[in-house]
Amino acid sequence: MARARHGSFAVTYTYVSTADVAFDSGQGGVACAGCRAPGGVAVSPRALGALRGLQAAAWDARLRARIAPAVEREAAAVLDGYLEALSGAALRTPRFLAQTLSTGDGS
C-alpha cells in the first residue's frame with residue numbers, strides 16, 4: 001500500500017492501492033488517481049515497490065539489491081524529476097552519464 005496525500009492537506013494521509021498512482025513532485029509523494037495533480041508522473045507498482053523497499057532497507061541491503069533494468073530506469077526517472085523539482089533546475093548528471101556510457105570508452 002502506498003501513502004498518498006489528499007487534496008491540499010500536507011498532513012492528511014490515506015492508504016491507497018499501488019495501481020494507477022503518480023508521483024507528485026509538488027506534494028513530495030505518491031498521489032492516487034483522484035488526487036493526482038497535472039504533471040504528476042505515473043509510476044508502476046513495481047517501481048513504487050522498489051523505491052519503498054530501498055527507502056526502508058539498511059544500507060548494505062540497498063547495495064545488494066537486484067532490480068530489473070526497466071524498473072530501475074523508471075525509478076531513476078521519478079527520482080530525477082523530484083530532484084529537479086526540489087532544485088528548480090534540470091539535472092545535468094544523467095545526461096552526462098548517458099553520453100559517457102554510450103561512447104563505451106569514457107571519452
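A few points about this structure:
- Test: residue in segment 42-61 that is in contact with a Gly (Cβ under 9 Å, 6 or more places away or on another chain) and without any contact (Cβ under 8 Å) to a residue 12 or more places away in the chain: yes
- Entry remark, segment 23-54: residues being polar (S, T, N, Q) and at pLDDT below 90 number 2 in total.
- Within segment 28-107, helices (runs of 4 or more DSSP H) holding 2 or more residues that are under 22 Å from Ser17 (Cα atoms) and touching a strand residue (DSSP E or B) at 6+ places or on another chain (Cβ under 9 Å): 45-56, 69-87
- Residues of segment 45-67 include at least one that is closer than 22 Å to Arg95 by Cα, touching an Asp or Glu at 6+ places or on another chain (Cβ under 7 Å) and among the hydrophobic types (A, V, I, L, M, F, W, C).
The values are calculated or read from the model by the stated rules, or taken from the named source; none is laboratory data. Worth saying up front: this structure is predicted, and the values here are computed from it rather than measured. Here the Cβ is made from the backbone with ideal geometry for all residues, glycine too, and neighbour counts use every protein chain on show.
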